Amino acid sequence: MFQVLKGEHELFCRVFPLHNDDVAKSLTPFVESLGMLLLEIFRPRYIHLNNISVIANLIDTLRNQEDGFSVTCQNRGMTFLLIIQRLIADVQERLIFRAHTFIQEKVANYRPSTDDLNYPLMLVAPEVKSSSVGGEVVELFPPVVSTLSFLGTLYRSLDGNTFSGLAEDAVLQCLMSIKKSSQIVASSASESDGQLFMIKYLILLREHISPFESHLTEHFLPTRELNFSHLNGEMQRMLTGGLSVFSISPTENALVVLATKGAPRVVESTADCRTELEKLLRSSCEAYIMHLTRTIVGPILGFLTKLTAFRASSPHLNAPLSRAAFATGERLSKVVASVNNSLENDLTRMVKHMSLYITGASTREIILNPVKNNIVEAHRQMAAVLQKYYGNIYMESLKLKTPDELAELLQRLEC
């Protein structure tokens, strides 16, 4: 049909003078009739297309025909160009409809099978599932792969504003899917596996959506929260006796003040999906860092917490620390021995486990640096307590690692 219209237009241009607008316009009714015939034939075919990649390829084909016809017509075939543009707009509407469906089916309502979330076995098994995204082979987590292929497909086929809205929705739904699946991994494998699963795919998603970043920050999501912070002062007045339910003064009666000033304030804020991704990634890394810290120096942290509570209680202000049940020589020996064992064995094992999920050495280093700092700080505080309450000789007998020993051990740690 395209070739017929082009041929008719070329023949018309050769036979009739193009400088006469009235003559040129006489071709319009014929072109319109052929164009409407094309729409009637074409619409039942594309309306049944469901694959967004096929629909996007169809839009590319139509745009190529539009460009070719524009050059051939030399601004004399605007009627047919309008028909092509209408056809492209109709196909784009179909693509937008299927895009919404795709997000719901493949991302938002994704229900993982046991094999999909068989972590960490999926990362060590030779038959690990993988998929190509942007030319890079990555371990397959279906919602992430679907989201990235979705963005790449729609980016070339829709205008920027429409693409931005769909991309925002797709990425947000993908974040929710990653979060829910990480909870499943945490319950079926371990807490650290769930945290590493989320970190792994959030980093992957962040890296691959960078080409679309300008579009993803165009749409902001409005959020509303109830804020009661303005009542802090009034509650403090009530607790200190400044307000009373029996006062006859409206400014000092607690019930009147709460009735007039107690309504919460609505605080509005905006956020885009890139901001939400960064926030979720930051909180996931912080949770994993605290998990590693507790695993390695948890006994020391527990001892220091009990010591703070012991010194804060008035009956024990002048009592010797060694008399406390948690601070006997035997208990201290177990605390230090447990930490030393974790440093020698567990820390190396956990770093190797992390490397299964996070392949980049620089990323692992970023996560491990705060853990190392926490370990050093816990030992510093423990050494200060032992030196103050027990003396250097007793501290040496416990074999608490010195700063030099600790630095050497952490330096040998391979990320």
Based on the Cβ-Cβ distance of Ala337 and Ala384, what FRET efficiency does E = 1/(1 + (r/R0)^6) give at R0 = 35 Å, to the nearest 0.05? 0.95
Neighbour-count ranking [beta-carbon atoms within 10 angstrom, fewest first] of Val385, Val335: Val385, Val335
Rounded to one decimal in nm, the spacing of the 7 Å Cα→Cβ label points at Glu278 and Leu413 is 2.7
Just rank Met290, Met350, fewest to most, by other beta-carbon atoms within 10 angstrom. Met290, Met350
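What is the calculated FRET efficiency for Asp404 to Glu93, with r their C-beta to C-beta distance and R₀ = 45 Å, to the nearest 0.05?
Efficiency for this residue pair is about 0.05.
For Arg323, Arg156, what ranking results if the residue with the fewest other Cβ atoms within 10 Å of its Cβ goes first?
Arg323, Arg156
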Gain on full stretching of the segment that runs from Leu140 to Ile366 - 0.36 nm per residue minus C-alpha separation: 78.9 nm
Once you've got the Cα coordinates, tell me which of Lys106/Lys200; Lys279/Lys401; Lys179/Lys372 are over 29 Å apart. Lys279/Lys401
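Quick note: the coordinates plus some simple rules give every number you see, no bench work behind them. Everything quoted here is computed from the prediction, not taken from an experiment. Neighbour counts are summed over all protein chains in view; Cβ atoms, including those assigned to glycine, are modelled from backbone coordinates with ideal geometry.
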